[in-house]
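All remarks here apply to the structure that follows.
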Amino acid sequence: MKTKITEMLGIEHPIIQGGMHYVGFAELAAAVSNAGGLGIITGLTQKTPADLANEIARCKDMTDKPFGVNVTFLPIVNAPDYPAIIKAIIDGGVSVVETAGNNPSQVLPYLQDAGIKVIHKCTSVRHALKAQSIGCDAASIDGFECGGHPGEDDVPNMILLLRAADELEIPFVSSGGQADGRSLVASLAMGAEGMNMGTRFIATQEAPIHENVKQAIVNATELDTRLVMRPLRNTERVLNNAATENLLAKEKRLGEKLTFEDIVDEVAGVYPRIMLDGEIDAGVWSCGMVAGLINDIPTVQELIDRIMDEANTLIEKRLSGMLSLTSIRI
Ligand SMILES: Cc1cc2nc3c(=O)[nH]c(=O)nc-3n(C[C@H](O)[C@H](O)[C@H](O)COP(=O)(O)O)c2cc1C
């Protein structure tokens, strides 16, 4: 399938694996790229820029296809060493960067001068327009359904994608709630040039994380996520578990007085314990409503092949079949 995104990124299928903390390691990124999509290493999961350079090199050993790095700009005082992270990405010969969080205007010229395409992930049309105005190559439109940080506007993708299509000139992909060939065809119909998936890629053989996490996603339904940290205006969609219930009880009890220090046990530094050690109740962890559509743990190749087969069949048989039926009736 050819879209503006496959052409821009030099990939076979319009499917991107979004950056995911403690999931987006070289093994998963390489598997997605080898299967014809765009795999993404999560930059901030690597403890130092030197570790990131090493992860990029490992990925290059596992694939000769294009892959990307996610750089999340956090609104915190002790920021990571972003200039060194950007240097590791440029020196590593990465071809795509997915940015998220604050807008990437400060690093954009360095990345683009090195020939790197920049996709900014946004949860609102106004942020996507800002990304377009500063020169980002594409946007990833992350709806309210998404795993991770959906922003504070609560607009689901049925509306958000169409609003993006009406306003944006740069190409965009759908993100949040995407699972299968139906998701891809719907995204394309709504004006997107492809789709980005997070939660779906966690439940794959190659995701180098603990089986307990994959199984928790398979077991979850679309009713099993919760929004946490809304009082801090740092809303995150997470899987419901003991830590989530604890955190929500604190939010209820403390109301507007809640501070980050109150919830540090549930959120700080918990990802390695959850993702690597499989202690799935050790803290809150991002998960999308799309968990309700995930019932197996295929290889990445099987997943992407299945999505593309389903999308092609939908377009060729179901949709064009409807058109020919109409013309027969006329
Ligand atoms: C476990 C997990 C960790 C994530 N970590 C990050 C991250 O570090 N940076 C980021 O930009 N997005 C992160 N995301 C968001 C994903 O890249 C993607 O936008 C989102 O998962 C899309 O929604 P979906 O889960 O419904 O597919 C994370 C998502 C999950 C599920």
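The values are calculated or read from the model by the stated rules, or taken from the named source; none is laboratory data. This structure is a prediction, so every number in the text was calculated from the model and none was measured. A quick note on method: Cβ atoms are made from the backbone with ideal geometry, for glycine too, and the neighbour counts reach across all protein chains shown.
Here are the numbers:
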{"quantity": "All positions within the range 64-105 that are touching a Pro at 6+ places or on another chain (Cβ under 9 Å) and in a loop (DSSP other than H, G, I, E, B)", "calculated": "Leu74, Pro80, Asp81, Val94, Ser95, Asn102"}
{"quantity": "Only listed residue being of a type in the set (Gly, Ala, Ser) and either away from the ligand (no atom under 15 Å from the Cβ) or part of a helix (DSSP H, G or I) (or both), chosen from Ala139, Ala192, Ala186, Ala179", "calculated": "Ala186"}
{"quantity": "Pairs with Cβ under 7 Å, 6+ apart, first in the range 173-200 and on the phi > 0 side of the Ramachandran plot, second surrounded by 24 or more Cβ atoms within 10 Å (Cβ to Cβ) and assigned to a strand (DSSP E or B)", "calculated": "Gly176/Asp142; Gly194/Ile15; Gly194/Ile16; Gly194/Val173"}
{"quantity": "Failed item, numbered, when Gly93 is tested on (1) surrounded by fewer than 16 Cβ atoms within 10 Å (Cβ to Cβ); (2) modelled with pLDDT under 95", "calculated": "(2)"}
{"quantity": "Single residue of the range 145-163 satisfying the filter (within 18 Å of Gly292 (Cβ to Cβ) and touching a residue at least 40 places away in the same chain (Cβ under 8 Å)) that is surrounded by the fewest Cβ atoms within 10 Å (Cβ to Cβ)", "calculated": "Glu145"}
{"quantity": "Filtered residues of the range 209-223 (kept if outside any helix (DSSP H, G or I) and within 13 Å of the ligand (Cβ to nearest atom))", "calculated": "Ile209, His210, Ala220, Glu222"}
{"quantity": "Ile5 being within 11 Å of the ligand (Cβ to nearest atom) and under 19 Å from Gln178 (Cα atoms)", "calculated": "no"}
{"quantity": "Residue match in the range 248-268 (condition: under 18 Å from Asp154 (Cα atoms) and touching a helix residue (DSSP H, G or I) at 6+ places or on another chain (Cβ under 9 Å))", "calculated": "no"}
{"quantity": "Count of the range 1-22 residues which are more than 16 Å from Val94 (Cβ to Cβ), crowded, with 24+ Cβ neighbours inside 10 Å and of a type in the set (A, V, I, L, M)", "calculated": "3"}
{"quantity": "Residue ID - farthest from the chain's Cα centre (by Cα), chosen from residues in the range 267-291 that are buried (at least 16 other Cβ atoms within 10 Å of the Cβ) and part of a helix (DSSP H, G or I)", "calculated": "Arg273"}
{"quantity": "Pairs with Cβ under 7 Å, 6+ apart, first in the range 19-38 and under 18 Å from Ile280 (Cβ atoms), second away from the ligand (no atom under 12 Å from the Cβ) and of a type outside the set (Gly, Ala, Ser)", "calculated": "Tyr22/Pro272; Tyr22/Leu276"}
